Each structure stands twice: as C-alpha cells, then as structure tokens.
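Chemist: Quick one: the structure is below, questions incoming.
A short reminder: the numbers here are calculations on the coordinates, not readings from a lab. Bear in mind the structure is a predicted one, so any value in this text is a computation, not a measurement. All Cβ positions, even for glycine, are placed from backbone atoms using ideal geometry, and neighbour counts span all protein chains on display.
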Amino acid sequence: MRVRLAVALMTVLLLLYVFLAGQRAVVLLGSGETVGVVMGVALIVLPLLALWAIGRELWFGVRAQRLGERLDAEGGLPDENLPVRPSGRIERADGDALFPQYRADVEQHPADWRARYRLALAYDAAGDRRRAREAVRTAIRLEAEERRGG
C-alpha cells in the first residue's frame, strides 16, 4: 500500500510540475525571442516525455501485478520460505540458489507465461532487476498471446 501511495504522490507532483512548466512555456513562447521560444518548446516537450515514461512504467506495473494476482489465484506462485533481511528482501545467496530451478522450467516451457513470471521472481530474489523486468515483459507478452488464442 505504501508503494501505491508513493506512486500516487509522485504522479501528482509530476502533474503539478507539468502544469507549472506549461505556464512558463506559454510565457516564453509569447516572448518572441529565439532563446525564449526554444526554451518554451523544451518546457513543453520534456514534461511530455516525462509523462509518457511515467505512464509506461505505471502500465507495466499494473500488467505485472495482474499477472501476479492471476498466478497467485491459480496457486502457481513459488512458496519457498526463505530467510529475509530486516528490509524484507530475500538473502541474495538463497535467491541465487533458486534460480536454476526456475530457469530450467522456462527452458522446458518457453511459451508459458507462468514459468517466465516465476523466473522473474527468481531474478528479483537474486538481485538482478534488469533481467527480472525483462522476464516480466516476456510473461506479459506471452499471456496476451495466450488470451488472444495465439
């Protein structure tokens, strides 16, 4: 719940920034000076890029959460009870030990989004965020193909 509140707060702050930057952009565009116009355009384009990036990340999070909830409802989430640090993160060595099992599952079932999602959890437990996100993206794509019947 804290994560959702933090995301909501950051989104509201970004929207406030976009609004205030938009006001400044209008003033700069109206100045008629070359530097002012260029800065005004930048104040329009850069916040729009930020909005696009935030929207993309939020949509990724929503889709990943939906897959996790679906897999949990099916009873397919890993149920290992591993020791955790005070922060709640799994000890890295224990996460590394789980990885081969989930990697083998993906190799046996390459088109199964469930196997990819579990692999993403193993990557995350091992501290490899980049590969975890990549595996979740693949799981999202595979699940969408499954829903379409393809």
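Chemist: Please compute the net charge surrounding Gly76, taking Lys and Arg as +1 and Asp and Glu as -1 over other residues with Cβ under 13 Å from its Cβ.
Modeler: Cβ neighbours under 13 Å give a net charge of -3.
Chemist: Right, next: Which of the DSSP-defined H helices in the chain satisfy a minimum axial length of 24 Å, computed from C-alpha atoms, and a minimum mean Kyte-Doolittle hydropathy of 0.0?
Modeler: Flagged H segments are 2-30, 34-73.
Chemist: Sort segment 1-145 into rounded, prolate or oblate with this rule: let a ≥ b ≥ c be the square roots of the eigenvalues of the Cα gyration tensor; rounded if a/c is under 1.5, and if a/c is not under 1.5, prolate when a/b is larger than b/c, oblate otherwise.
Modeler: Here segment 1-145 falls in the prolate category.
Chemist: Given Val7, Tyr123, Leu77, which one lies farthest toward the positive end of the charge dipole of the chain, if we put +1 on the Cβ of every Lys and Arg and -1 on the Cβ of every Asp and Glu?
Modeler: Working it through, the farthest residue towards the positive pole turns out to be Val7.
Chemist: So, with +1 on the Cβ of K and R and -1 on the Cβ of D and E, and no other charges, what is the size of the charge dipole of segment 92-148 about its Cα centre, to the nearest 20 debye?
Modeler: I would put it at about 280 debye.
Chemist: Taking the Cα centre of segment 2-73 as the origin and placing charges on Cβ (Lys, Arg +1; Asp, Glu -1), which of Gly40, Phe19, Ala53 is farthest toward the positive end of the dipole?
Modeler: Result: Ala53.
Chemist: Moving to a separate point now. When the dipole is taken about the Cα centre of segment 2-73, and only Lys, Arg (+1) and Asp, Glu (-1) are charged at their Cβ, what size is it in debye, to the nearest 20?
Modeler: Dipole of segment 2-73, to the nearest 20 debye: 260 debye.
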